[in-house]
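As structure tokens, the structure follows; a few thoughts come after it.
Every number in this text was worked out from the coordinates using simple rules, so none of it is lab data. The model shown is predicted, which means the values in this text are computed figures rather than measured ones. When we count neighbours, we look across all protein chains shown, and the Cβ atoms used for this are built from the backbone with ideal geometry, even at glycine.
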Amino acid sequence: IWLLAIAYIFVYIIRFGAEDWMIMYLTKAKANISLADATNMIASLPLVGICGTVCAGLISDKVFKGKRAPVNLIYLIGIVAMLILLKFNTINALNYVIIGLLGAFTYGPQMMIGGLCAVESSSKKVASAATGFTGTFGYIGAVLSATGTGFMVDKFGWNGALAFWLVSAIICIVICFILWQNEKKRTC
């Protein structure tokens with residue numbers, strides 16, 4: 001539960017970083033994007049995020065036979081890829097797809113790490129407490145996202161913000177890899 005809670009901090013740093021700061025990133029770092037276009041682009045994040053959530057559950061149930069860690073790893077690698085693509089993309093229309101996929105890859109681990117994995121890692125008697133515990137850490141991540149992203153933008157520009165989100169994704173990948181190794185040991 002502790003590892004899940006710590007991983008959840010980093011999922012929320014990415015989620016709230018994208019939701020709270022993406023419009024500013026698009027209008028400031030990508031100078032040719034208007035506020036109206038940036039607002040429309042960010043709308044794709046939760047819309048495609050919903051699909052990512054449903055797909056994460058289906059993939060973990062049907063493809064990985066109830067194993068959540070491999071799906072979390074795939075999705076987190078997707079976050080890294082989308083952040084890198086966003087940085088180097090010069091085609092405005094492609095930003096809709098990149099930001100949408102960033103939403104899908106973020107919402108999947110958010111649902112699984114803080115909710116489903118927490119419940120499955122605890123007994124039925126404390127399932128709600130486990131979810132509440134990880135959820136608390138998620139909100140710590142939201143606070144860190146707001147203050148951390150702002151700090152990184154002030155000190156290092158928008159590249160610093162992207163680096164903050166990328167490092168958060170990489171830390172979460174490491175934690176989920178550890179959880180996956182533990183998951184494999186329990187089934188052997």
Query raised in the report: Counting Lys and Arg as +1 and Asp and Glu as -1, what is the net charge of the other residues whose Cβ lies under 15 Å from the Cβ of residue 58?
Result: +3
Query raised in the report: So how much slack lies between residue 170 and residue 84, counting 0.36 nm per residue of separation and subtracting their Cα-Cα distance, in nm?
Result: 29.7 nm
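If packing is taken as the mean number of other Cβ atoms within 10 Å per residue, what is the order of 76-88, 99-111, highest first? Before the final figure, lay out the partial values.
Values: 76-88: 18.4, 99-111: 25.6.
For the peptides 76-88, 99-111, the packing ranking is 99-111, 76-88.
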Report task. Let me have the relative contact order for the chain, percent, based on Cα pairs under 8 Å that are six or more residues apart. Result -> 39
**Report entry** Helix-only [θ]222 nm of the chain, DSSP H runs n ≥ 4, -39500 (n - 2.57) each, per residue, nearest 500
**Finding:** -29000 deg cm²/dmol
Query raised in the report: How big is the gap, in Å, between the Cα center of segment 1-39 and the Cα center of segment 54-68?
Result: 26
**Report entry** Full-extension gain in nm, residue 92 to residue 146, via 0.36 nm per residue minus C-alpha separation
**Finding:** 16.9 nm
